[in-house]
Amino acid sequence: MNPNDITFDAHHHPENDEQYAGLQVNSGVEQPPMVNPYLKRRRKPQLTVNDFVEGIRKGNTSVLGQAVTLVESLKPEHQSVAQEVIAKCLPFTGKSKRIGITGVPGAGKSTSIDAFGMHVIRSGGRLAVLAIDPSSERSKGSILGDKTRMERLALEHDAFIRPSPSAGSLGGVARKTRETIMLCEAAGYDNIFVETVGVGQSETAVHSMVDFFLLIQLAGTGDELQGIKRGIMEMADGIVINKADGDNVDRANLAAAQFRNALHLFPVPPSGLTPEVITYSGYYELNIDKVWAMIDRYFSHVKESGYFMEKRREQEKYWMYETINEKLRSNFYNNPEIERMLSEKQDLILQNRQSSFIAAADVLNYYYKNLITNQ
């Protein structure tokens with residue numbers, strides 16, 4: 001018998017053929033389905049505004065995380081619930097130390113936050129870390145890997161780490177971060193760290209939502225003087241030189257001296273305190289207590305002088321105007337008529353048939369006359 005003549009199927013066993021007399025192979029047991037047919041999927045009950053507020057006030061990190069997700073959502077129905085939750089949490093906010101942390105990529109921000117955070121936890125405090133994670137300009141994807149870089153904090157019960165992708169408008173991301181700060185304060189976190197993407201435009205936004213702005217710098221990389229930028233130096237309330245360990249201690253001390261000399265050239269900041277410069281090692285946890293003592297001295301001074309509350313009131317006004325600007329921008333660019341008109345005007349500009357300024361004036365005039373009055 002030619003084996004090629006045998007027809008195979010799922011239940012056929014060639015061993016049972018006549019030529020194999022005395023050999024019997026039985027069919028296997030029918031495999032059960034992969035999914036239990038008696039299993040009923042249960043949807044999680046949708047939390048109400050009061051459920052969110054109650055869970056946040058009890059320090060439930062799962063509920064807090066869901067509330068932050070609503071804040072970050074672009075869906076109008078989610079935003080509506082999020083704003084109600086924030087409004088009800090408002091009386092329980094404002095009692096934390098809000099600290100912004102920035103530095104060039106590779107300066108050791110995440111490692112330093114891990115060390116600073118453990119110092120806070122050991123001192124009996126509770127910490128929320130809000131990290132604005134850089135997103136790819138091409139894919140818009142984000143790694144959101146801060147929990148892996150803050151290995152010890154991620155395991156602490158009194159620490160809450162929430163990375164947020166920076167995709168989208170920086171103003172929108174910053175506004176959501178500020179609202180998240182308020183939710184974390186209502187949840188009982190008395191220390192809030194806001195980590196920025198790196199030295200750049202995001203620093204201005206973060207500076208406008210924190211009480212203390214910490215600039216992390218490196219020594220021994222050959223760019224100490226390059227790092228002394230007037231804009232970022234004027235925003236900093238404290239400067240720390242990381243990786244001051246081993247053979248790098250002398251270079252770190254030299255960099256600290258250069259920064260102190262540069263600070264003398266600047267006018268005294270509104271707080272009345274010239275920023276201190278301290279060297280430390282985030283990896284080996286050297287001088288972490290000195291960094292935190294510097295932060296404590298700053299808070300004691302500004303609270304006593306009244307600058308602390310003055311700065312917070314200015315920030316409240318700033319974010320009101322920022323929110324208005326963002327809403328107007330969104331209303332303008334998301335309008336179908338404006339989208340159509342912008343496309344037409346863009347073609348005219350590229351064909352050199354109309355100037356950019358006249359095209360912009362035409363679009364704005366149309367918006368003011370035909371769209372605003374009809375809304």
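Within segment 129-173, restricting attention to residues that are at pLDDT 90 or above and either part of a helix (DSSP H, G or I) or aromatic (Phe, Trp, Tyr) (or both), which residue is farthest from ILE99 (Cα to Cα)?
LEU155
If you check SER330 against the conditions, is it modelled with pLDDT under 90 and within 34 Å of the chain's Cα centre (by Cα)?
Yes, satisfied.
Kindly indicate whether any position in segment 270-280 is at pLDDT 95 or above and part of a helix (DSSP H, G or I).
No; the residues of segment 270-280 include none that is at pLDDT 95 or above and part of a helix (DSSP H, G or I).
Hey, SER110 hits all of (1) among the small types (Gly, Ala, Ser); (2) in contact (Cβ under 8 Å) with a residue 40 or more places away in the chain; (3) at negative phi; (4) not assigned by TED's automatic domain parsing to the domain that holds TYR280 but one; which does it fall short on?
(4)
If TYR284 satisfies every condition in (1) assigned to a loop (DSSP other than H, G, I, E, B); (2) over 24 Å from PHE116 (Cα atoms) but one, which is the exception?
The failed condition is (2).
Is there any pair linking a residue in segment 241-258 that is more than 18 Å from TRP292 (Cα to Cα) and assigned by TED's automatic domain parsing to the domain that holds ALA107 to one that is at pLDDT 90 or above and surrounded by fewer than 19 Cβ atoms within 10 Å (Cβ to Cβ), with Cβ under 8 Å and at least six apart or on different chains, and which?
ASP245/TYR283; ASP245/TYR284; ASP245/LEU286
Looking at this structure, is ILE295 at pLDDT 90 or above, farther than 24 Å from MET233 by Cβ and of a type in the set (A, V, I, L, M)?
Considered against the rule, which asks whether it is at pLDDT 90 or above, farther than 24 Å from MET233 by Cβ and of a type in the set (A, V, I, L, M), ILE295 comes out as no.
Inside segment 305-375, counting only helices (runs of 4 or more DSSP H) that do not spill past its ends, which hold 1 or more residues that are out of contact with any helix residue (DSSP H, G or I) (no Cβ under 8 Å at 6 or more places or on another chain), among the basic types (Lys, Arg) and farther than 30 Å from ILE99 by Cβ?
Those helices (runs of 4 or more DSSP H) span 336-350.
From LEU90, LEU70, LEU64, grab the single residue that is touching a His at 6+ places or on another chain (Cβ under 6 Å) and within 13 Å of LEU183 (Cβ to Cβ).
Unique residue meeting the criteria: LEU70.
The values are calculated or read from the model by the stated rules, or taken from the named source; none is laboratory data. All values derive from a computational prediction rather than experimental measurement. When we count neighbours, we look across all protein chains shown, and the Cβ atoms used for this are built from the backbone with ideal geometry, even at glycine.
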